[in-house]
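What follows is a set of notes on a single structure, which appears directly below.
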Amino acid sequence: MAPLPTNAYSLAVVVRSSKTENLNQSEHQKKQQQYVLVHERFPRGWWLPGGGIEHKDSTPVDAAVRETIEEAALPQCGNLPVMTHLLALEQTPGRIRFIFRGEWCDDDVHSILKCPPGDNESIEAKWITFSEIKNFNRRRKHIPREQWLDDGNSHPLSSSTSVTHPWLRGHEPSTFFGMLEKSLKQSNIVPGLKVQKGDTEVGGAFFSGPKESFNNDALSKRLTIRGRAAFLIHLKCRLIVYASESKQFCTMSRFVDDQNGKTLRQLSDEMLSQFSSLSTKTGLQRVDYTAHENGREATLTVFPYAIISSNHEFYNDFKWVSKEELPDTLDQRLAAEIGQGNVVDLNILRDSESEL
C-alpha cells in the first residue's frame with residue numbers, strides 16, 4: 001500500500017549555552033538551565049520554536065533550525081542554534097513530529113532573542129528556567145481588550161504591559177523542559193538519540209536530504225495538505241535480536257503497510273512481542289530519515305533491538321547467525337553495540353502527542 005500523504009513538523013527544545021561558561025559538574029547542576037520560549041501571535045500563547053517542515057527544508061533538523069531563527073531570533077541574527085539530540089518521534093496517521101533538543105550560544109548582554117512588537121512570525125522570545133514555567137497558565141485566560149497593545153496583540157511577559165496571566169499553547173514546554181531537568185539532576189546525561197553527522201557513528205539519529213536541490217519540475221509535483229507541505233513517508237522497522245547464550249543474532253525488516261491502521265510504534269511493538277517471553281532488555285539504537293531525490297518521498301527507519309537469554313524455541317523460525325555472518329555491514333556495526341551506551345528507551349518512539 002502506498003504511503004499516506006503526511007504533514008511533518010519539527011519542534012526545538014533549545015538550551016542556552018555560553019562560550020565563556022566553564023563550570024564543573026557540581027556547579028553546572030546548581031546553575032539553572034535556561035530554555036527558549038516563544039510568544040506567538042495572539043491568541044496562540046507561548047510555545048516552543050517549531051512548525052511544519054517545508055519543501056525547502058532538506059531535513060527535519062534544517063526545519064528545526066529555520067523555525068527557531070524565524071520565531072525566536074532578532075533580525076539578521078547570524079548565530080545559528082545546533083540541534084544535538086532527538087528527544088521524541090511522534091507518529092500518527094498523516095502526521096509526524098520530530099522533537100529536538102538544541103543548544104544556542106547567547107553571551108550578549110542584550111541577548112539575541114526577538115523583542116516586541118516582533119514580526120509576522122511571533123511577538124517575542126525569552127530565556128526562561130523550568131521553575132518559571134509555573135508562572136504560566138496551562139490554557140488561555142480572558143484578557144481584557146484594554147490590556148492589549150495598540151497592535152491588537154497581548155504581551156503578557158513584556159515590560160510594556162501589566163498583564164500577569166501568560167499561558168502555554170500546549171504541554172510541550174513543561175513536558176520536555178521537565179525531561180531535560182530530570183535527566184540533568186539524575187545522571188547529567190542528555191536523554192534521546194544524539195543527532196549524528198556522517199557515518200563514523202552507528203547509533204543515534206541520522207538525517208539526510210537530497211544531494212541536489214530540486215529542479216522546477218520536481219517542485220511542481222510537490223504535495224500539500226490543507227495548504228501545508230506534505231510528504232510520502234515510508235515507515236520501516238529494522239529489528240535485531242541477540243541471543244546471549246548462543247551469541248547469535250537474527251534480523252528482520254518490515255514496512256508499515258497500512259498507515260491509516262498502524263503506527264511505527266505499533267509495528268515495532270508487534271515485532272518485539274514475538275520475543276517478549278524471553279526478552280531481558282529492549283531499546284532503540286538508531287533512527288534514520290532519508291529524503292528521496294524526487295522531493296516528494298522519504299523513508300523513516302527505526303532500529304529497535306531485543307536481548308533474549310536463549311534462542312532455542314525460535315531456532316527454526318528465524319535465521320540465527322554470528323555477528324560476522326550478518327549480511328549487512330550496518331547490521332554488523334549495530335550488533336557490536338547492542339547493550340552498550342548509545343541506546344535509548346523505546347518510549348522515544350510514540351504514537352501520541354499527549355503528555356509523557
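The values are calculated or read from the model by the stated rules, or taken from the named source; none is laboratory data. Keep in mind that what you see is a predicted model, and the values were worked out from it rather than measured. Note that each Cβ is placed from the backbone with ideal geometry, even for glycine, and that neighbours are counted across all protein chains shown. Note: areas computed on protein heavy atoms with side chains; ligands, DNA, RNA excluded. Shrake-Rupley method; radii C 1.70, N 1.55, O 1.52, S 1.80 Å.
A few notes on this one:
- Screening residue 176 with (1) modelled with pLDDT of 55 or more; (2) out of contact with any helix residue (DSSP H, G or I) (no Cβ under 6 Å at 6 or more places or on another chain); (3) over 30 Å from residue 344 (Cβ atoms); (4) open to solvent by less than 60 Å² (accessible area, probe 1.4 Å) gives one miss only, at (3).
- Test: residue 78 is surrounded by fewer than 23 Cβ atoms within 10 Å (Cβ to Cβ), on the phi < 0 side of the Ramachandran plot and free of Cβ contacts under 8 Å to residues at least 12 places away in the same chain: yes
- No other residue among 288, 258 is open to solvent by less than 60 Å² (accessible area, probe 1.4 Å) and in contact (Cβ under 8 Å) with a residue 24 or more places away in the chain apart from 288.
- Which numbered condition residue 118 fails, given (1) more than 30 Å from residue 288 (Cβ to Cβ); (2) small (Gly, Ala, Ser); (3) surrounded by fewer than 19 Cβ atoms within 10 Å (Cβ to Cβ): (3)
- Segment 81-109, subset farther than 18 Å from residue 192 by Cα and without any contact (Cβ under 8 Å) to a residue 24 or more places away in the chain, residue surrounded by the most Cβ atoms within 10 Å (Cβ to Cβ): 108
- When residue 303 is tested against the conditions (1) over 20 Å from the mean Cα position of the chain (by Cα); (2) at pLDDT 95 or above; (3) not aliphatic (A, V, I, L, M), the lone failure is (1).
- Residue within segment 297-312 that is out of contact with any strand residue (DSSP E or B) (no Cβ under 6 Å at 6 or more places or on another chain), loosely packed, with under 14 Cβ neighbours inside 10 Å and within 29 Å of residue 197 (Cα to Cα) present: no
- Where strands (runs of 3 or more DSSP E) fall entirely within segment 82-136, none has at least 3 residues that are among the charged types (D, E, K, R), on the phi > 0 side of the Ramachandran plot and modelled with pLDDT under 90.
- Among residues of segment 182-193, those that are within 17 Å of residue 34 (Cβ to Cβ) and touching a strand residue (DSSP E or B) at 6+ places or on another chain (Cβ under 9 Å), counted: 1
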